[in-house]
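K.L.:
Here it is, the structure in full.
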Protein chains: 2
Amino acid sequence: MKTMLSALLLAGAVSLPAGASADVLRDQALEIFKPLPSTVPAVKDNRITPDKIDLGKALFFDTRLSASGVFSCNSCHNLATGGDDNLETSIGHGWQKGPRNAPTVLNSVLNEAQFWDGRAEDLKAQAKGPIQAGVEMANKPALVEGTLKSMPAYVEAFGKAFPNEAAPVTFDNMAKAIEAFEATLLTPAPFDAWLNGDDEALSAEQKQGLALFMDKGCAACHSGVNVGGHGYYPFGVVEKPGANILPAGDKGRFAVTKTADDEYVYRASPLRNIALTAPYFHSGKVWDLQQAVGIMGTAQLGEELDEEEARLITAFLGSLTGTMPPVIYPVLPAETETTPRPSAAILP
Amino acid sequence: MKTMLSALLLAGAVSLPAGASADVLRDQALEIFKPLPSTVPAVKDNRITPDKIDLGKALFFDTRLSASGVFSCNSCHNLATGGDDNLETSIGHGWQKGPRNAPTVLNSVLNEAQFWDGRAEDLKAQAKGPIQAGVEMANKPALVEGTLKSMPAYVEAFGKAFPNEAAPVTFDNMAKAIEAFEATLLTPAPFDAWLNGDDEALSAEQKQGLALFMDKGCAACHSGVNVGGHGYYPFGVVEKPGANILPAGDKGRFAVTKTADDEYVYRASPLRNIALTAPYFHSGKVWDLQQAVGIMGTAQLGEELDEEEARLITAFLGSLTGTMPPVIYPVLPAETETTPRPSAAILP
């Protein structure tokens, strides 16, 4: 009913008293989306404290978590460029190319699970992946712990962040601290201001785009506080995109669940800051957001969006570009005699 | 005379009224060193303004200045780790290894010239080098300009930073903005506080180390506001170090001047923050600062420093570790349709 109403409003077929149409659209939107919380979300089994956040920030930017000393978490999840690296797929250890496009770290704490295939249940599980992946940071947990233990300032910071633990400097706690920092990376956007009641926060075109986003069915998957980031769907519900965009060799969530139904299934992408995080899709093959919207229409909805519709939806997506919390670049502890030395060697 | 006096003080052979020995040492030091200035130094042909600094900060952290989109200035001159990358020599485009250890960017505006061989007269000349070097960022000026011009927020920022220019987005202005930001990276240290009159800013051992640093002759080359960073000297004035530390193939300043006298000649390293910037020497072959001090003694002074002397000098060098100015990590402009795409390809 509301959907029809917003469609009629869009078409100019009905008119309502000033303010009423905004309220109708907002009411409909609030059934589907939620504004960002004003505080750092609680995460499972990891109480977030200022000390943990500080430690996590240092670790997030520390290239010494990689075997080569070249890459930090921030290399691929760059806070300067929308929380990702703007590459098709990331370049890692030994100039190897990663298998999938790096997702943004911004607001990622609000995702149901992490990675394109949801194989990590939360950010602390996720953080351990790239550090160990041979094509990314190529390190080993014991070596990471050795690196951290070799620097007294880190040992002290772990002690503060995990005050009741006898041996706080562990790979697990490193991941928890990184999760704590990442949980602070929320980016309130004009869409939040609008959901919270500021009628002027979205332009007329963005409101039209939002109405289309809901009416056409995009919001069936891209919903909730992160406008996506939960639920798993085949890429190509209606029509598989070409092999360039959906390479046959990467079967998505199938690798996690080993059930045939999960072939080419991916977590619905969270769309906050999507205008900052080209290129798009797990393959990183599409650079233009409006083009990506069109592909989604065809592949997921069986809907050939016309140029104007794609343009309006893209305008709405622009309202999801948020404001970064200020991050003071950390000053990291200096290596000591016992710090393992970086190795650029590529191991088999 | 002062040198003898400080030697006698060191040896405990004479005693002076309380405060007098500190004053003598300070007077001697002030003839050789200078505390950091309290304001950003003026640089040649490049008036430093807040707009230029802001733009330069963005550029300094922007990985899109590299052909691959992987490396920024900050990759090798990492502000989190003493302004360098803590690698023997940097890893660059295509996982190639650079020829020499990356020097710190901190306080580098105070150096007489840039690079180990002084081949760039200032930071704006220096900034253009690594961006174009095939083993580093592997980019081309025209492509860099195309990248910057493709992003309206950059065009606007260049307009503000270079307000009287018709076409401000140029490779040259990029370098000037980077120089302006780098000029702000001064790190006041305990040694400055002590030079400025705070007797307690150096420990007794650091004062002894300072006296040795002057008496043994280290300060003959490592002097001035940057405790080095000016003057060119053969590595191995007295005795050439082994080929591991001084590889025969790299003839230093000879490559710049082509005069035989400049074979294996390098700019005396600036020593501020030296405790943070292992490994040492242009070859990056020595990780331990005290060991590096010992090598300098033998190679440059013909002086076998005993362990205690090397330890005290190293303690003094620790007083050159300064405080970083807080740097808020920038939020960079988003790419547009016309932004050149990153290329990880290695060109011949």
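The values are calculated or read from the model by the stated rules, or taken from the named source; none is laboratory data. Quick caveat: nothing in here was measured; it's all calculated off a predicted structure. Here Cβ is always computed from backbone atoms with ideal geometry, including for glycine, and neighbour counts include all displayed protein chains.
K.L.:
Would you mind stating whether B:Ile313 is touching a Leu at 6+ places or on another chain (Cβ under 8 Å), in contact (Cβ under 8 Å) with a residue 12 or more places away in the chain, aliphatic (A, V, I, L, M) and away from chain A (no Cβ under 12 Å)? Give the steps one after another, and end with the answer.
P.N.:
Working: touching a Leu at 6+ places or on another chain (Cβ under 8 Å): yes; in contact (Cβ under 8 Å) with a residue 12 or more places away in the chain: yes; aliphatic (A, V, I, L, M): yes; away from chain A (no Cβ under 12 Å): yes.
It is true that B:Ile313 is touching a Leu at 6+ places or on another chain (Cβ under 8 Å), in contact (Cβ under 8 Å) with a residue 12 or more places away in the chain, aliphatic (A, V, I, L, M) and away from chain A (no Cβ under 12 Å).
K.L.:
To continue, here is another question. Identify, from the list A:Phe254, A:Phe235, the residue that is within 18 Å of A:Gln290 (Cα to Cα) and aromatic (Phe, Trp, Tyr).
P.N.:
Result: A:Phe235 is the single residue among A:Phe254, A:Phe235 that is within 18 Å of A:Gln290 (Cα to Cα) and aromatic (Phe, Trp, Tyr).
K.L.:
Suppose we filter region A:76-111 for residues that are in contact with a strand residue (DSSP E or B) (Cβ under 7 Å, 6 or more places away or on another chain) and in contact (Cβ under 8 Å) with a residue 24 or more places away in the chain; how many remain? Walk me through it before giving the result.
P.N.:
If we filter region A:76-111 for residues that are in contact with a strand residue (DSSP E or B) (Cβ under 7 Å, 6 or more places away or on another chain), which is where we start, we get A:89, A:91, A:97-98, A:108-109.
From what is left, the residues that are in contact (Cβ under 8 Å) with a residue 24 or more places away in the chain are A:89, A:97-98, A:108-109.
Here the count works out to 5.
K.L.:
Counting only residues that are touching a Leu at 6+ places or on another chain (Cβ under 8 Å) and buried (at least 23 other Cβ atoms within 10 Å of the Cβ), which one in region B:121-137 is nearest to B:Thr39 (Cα to Cα)?
P.N.:
Initial filter on region B:121-137 (touching a Leu at 6+ places or on another chain (Cβ under 8 Å)): B:131, B:134, B:137.
Those left that are additionally buried (at least 23 other Cβ atoms within 10 Å of the Cβ): B:131, B:137.
Working: B:Ile131: 28, B:Met137: 31 Å.
My answer is B:Ile131.
K.L.:
Take the residues of region B:234-259 that are among the β-branched types (Val, Ile, Thr) and without any contact (Cβ under 8 Å) to a residue 24 or more places away in the chain: which is nearest to B:Phe115 (Cα to Cα)?
P.N.:
B:Thr257
K.L.:
Would you check which residues across region A:333-348 are out of contact with any Gly (no Cβ under 9 Å at 6 or more places or on another chain) and at the interface with chain B (Cβ under 7 Å from one of its Cβ atoms) and list them?
P.N.:
Matches in region A:333-348: A:Glu335, A:Glu337.
K.L.:
What is the number of the single condition among (1) in contact with a strand residue (DSSP E or B) (Cβ under 7 Å, 6 or more places away or on another chain); (2) in a helix (DSSP H, G or I) that A:Val227 does not meet?
P.N.:
Here A:Val227 clears every test but (2).
K.L.:
Here is a check on your reading of the model: is B:Lys251 charged (D, E, K, R) and more than 22 Å from A:Thr338 (Cβ to Cβ)?
P.N.:
Yes, satisfied.
K.L.:
Can you give me the number of residues within region A:146-193 that are over 18 Å from the mean Cα position of the chain (by Cα) and part of a loop (DSSP other than H, G, I, E, B)?
P.N.:
Counting residues in region A:146-193 that are over 18 Å from the mean Cα position of the chain (by Cα) and part of a loop (DSSP other than H, G, I, E, B) gives 11.
K.L.:
Going through B:Ala42, B:Ala102, B:Ala67 one at a time, which residue ends up being modelled with pLDDT of 95 or more and not assigned by the TED database to the domain that holds B:Leu143?
P.N.:
B:Ala42
K.L.:
Of all residues in region A:316-332 being within 8 Å of chain B (Cβ to nearest Cβ) and in contact with a Phe, Trp or Tyr (Cβ under 6 Å, 6 or more places away or on another chain), which is farthest from A:Met151 (Cα to Cα)?
P.N.:
For region A:316-332, the residue satisfying everything is A:Val327.
K.L.:
Any residue that is part of a loop (DSSP other than H, G, I, E, B), under 21 Å from B:Phe281 (Cα atoms) and in contact with a Lys or Arg (Cβ under 8 Å, 6 or more places away or on another chain) - is there at least one of those in region B:205-223?
P.N.:
no
K.L.:
Here's another thing I want to ask about it. Test A:Leu289 against the stated conditions and say whether it is without any contact (Cβ under 8 Å) to a residue 60 or more places away in the chain and under 20 Å from the mean Cα position of the chain (by Cα).
P.N.:
Answer is yes for this residue.
K.L.:
Going through region B:75-120 one residue at a time, which ones are more than 10 Å from every other protein chain (Cβ to nearest Cβ), buried (at least 23 other Cβ atoms within 10 Å of the Cβ) and of a type in the set (D, E, K, R)?
P.N.:
B:Asp84 - this is the single residue of region B:75-120 that is more than 10 Å from every other protein chain (Cβ to nearest Cβ), buried (at least 23 other Cβ atoms within 10 Å of the Cβ) and of a type in the set (D, E, K, R).
K.L.:
Next question. Is it the case that region A:92-104 has a residue that's in contact with a helix residue (DSSP H, G or I) (Cβ under 8 Å, 6 or more places away or on another chain), farther than 15 Å from A:Phe60 by Cα and of a type in the set (Lys, Arg)?
P.N.:
No, every residue in region A:92-104 fails to be in contact with a helix residue (DSSP H, G or I) (Cβ under 8 Å, 6 or more places away or on another chain), farther than 15 Å from A:Phe60 by Cα and of a type in the set (Lys, Arg).
K.L.:
Sticking with this structure for a sec: Filter region B:22-74 for residues that are without any contact (Cβ under 8 Å) to a residue 24 or more places away in the chain, crowded, with 16+ Cβ neighbours inside 10 Å and under 20 Å from the mean Cα position of the chain (by Cα) and give the result.
P.N.:
Correct list: B:Ser72, B:Asn74.
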